[in-house]
């Protein structure tokens, strides 16, 4: 308690810097998962991707980022293990933020697409297990999170596989593919608008004091009609945009290029949805530890079992993500967007919508999945729909290897930083 009282303000300022640094790393590295497919399929340019992501990553992080932060903040370690020594939890969370941010900086410089969720979870487990005790880690919760790293790419891959299969069956493999694309693509646009509206209405708006009440007993039921209306509006806007696209060739049959131009319009919507989904899920990796630190310091050293997420912490994470994307995000975007499998707008659409759906549902239920795993799984699902030969297994293998290195890297750096802070401020 005495350490918190003497150094509380200084520790909070340092923690805010580290939290911003971690959020910067998320923007520089992990946003490639939101934008890589759009750029790789040439549906949008790199500059357009950065502008779209700046808007929707920020919106997702600020509006819908609160649900997942609870899992990162209170689910991984047992607060009871720090009873009477809350300063150790502050040191640990600071160490975790600095360790994860440092690893993300290294990975971004190298162009490696690594998991920010792996980074922060590994860092938290590292300082807690070595610096405190093995019992301080909630191992059953870790098991659930680890399982999600396996489940999420399988779910995203399955959804993407089914989506692309439906696109081929309804549009690509038909004789009148161009007209059928104009007919069915608005339905896919409806799905995008509906999905993003649901997570915003059920999880996001409560963080800014807005509640949707349509007379039903549950927030989910209240959100359904509003989300459906928003989905319809998105579909109508998309249909108007599609009407401006005309077949370039004069033949009766549409060329694949004509059809892909239609899906390029659709990918603007899926890029927005994936950016929103990514921001809502991955902001927790930066603001969760920061929220724990702020709660302890502002209470004078008490470890609260539950506390509200301050708006300024979500804002810090959201701004950090946007700046990281704008300053260094291009490296990993180029890495992930072009090397796993050849992407066209129709394939990229299926991958992005499948990944976004998985991430949004995970964010709504508070499960901190890895966006990296999810999107790679989605891209693999699209590739497998065309056969195993469509996938560059060497690139996939190197990505898997970088994931394996991330856990021990985050844990090792966190342990070093933890004992540094303990020696600096006293333990």
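Just so you know, all these numbers are worked out from the coordinates, no wet-lab data involved. Please read these numbers as outputs of a predicted model, since none were measured by experiment. So basically every Cβ, Gly included, is an ideal-geometry build from the backbone, and we count neighbours across all protein chains shown.
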Next on the checklist: So if each residue of separation counts as 0.36 nm, and I subtract the Cα-Cα distance between residue 154 and residue 393, what length gain in nm does that give?
Outcome noted: 84.4 nm
Checklist entry - With a ≥ b ≥ c the root eigenvalues of the C-alpha gyration tensor of segment 325-427, is it rounded (a/c under 1.5), prolate (a/b larger than b/c) or oblate? => result prolate
Item to check | Fewest-first ranking of 414, 256, 402, 152, using other Cβ atoms within 10 Å as the exposure measure | outcome: 256, 402, 152, 414
Checklist entry - Going by alpha carbons, how many degrees (0 to 90, nearest 10) lie between the helix axis of 86-110 and the longest principal axis of the chain? => result 40 degrees
Checklist outcome for this item: CD proxy, 222 nm, the chain: helix-only mean residue ellipticity via -39,500 (n - 2.57) per DSSP H run with n ≥ 4, per residue, nearest 500, stands at -25000 deg cm²/dmol
Item to check | Between segment 97-124 and segment 373-427, the alpha-carbon center distance in angstrom | outcome: 8 Å
Checklist entry - Based on the alpha-carbon gyration tensor of segment 2-425 and its eigenvalue square roots a ≥ b ≥ c, which shape applies: rounded if a/c is under 1.5, prolate if not and a/b is larger than b/c, or oblate? => result prolate
Checklist entry - Most exposed first by the Cβ proxy, i.e. fewest other Cβ within 10 Å, how do 213, 135 rank? => result 213, 135
Checklist outcome for this item: So for segment 315-385, using the alpha carbon gyration tensor with a ≥ b ≥ c as root eigenvalues (a/c under 1.5 gives rounded; past that, a/b versus b/c decides prolate or oblate), I'd call it oblate
Next on the checklist: Report the Cα centroid-to-centroid distance between segment 318-332 and segment 3-25 in angstrom, as an integer.
Outcome noted: 21 Å
Checklist entry - Over the chain, what is the relative contact order in whole percent, taking alpha-carbon pairs under 8 Å and six or more residues apart? => result 40 percent
Next on the checklist: Could you list 394, 180 so that the one with the fewest beta carbons within 10 Å of its beta carbon is first and the one with the most is last?
Outcome noted: 394, 180
Item to check | Label-point separation in nm, residue 187 to residue 9, each point 7 Å along Cα→Cβ | outcome: 6.3 nm
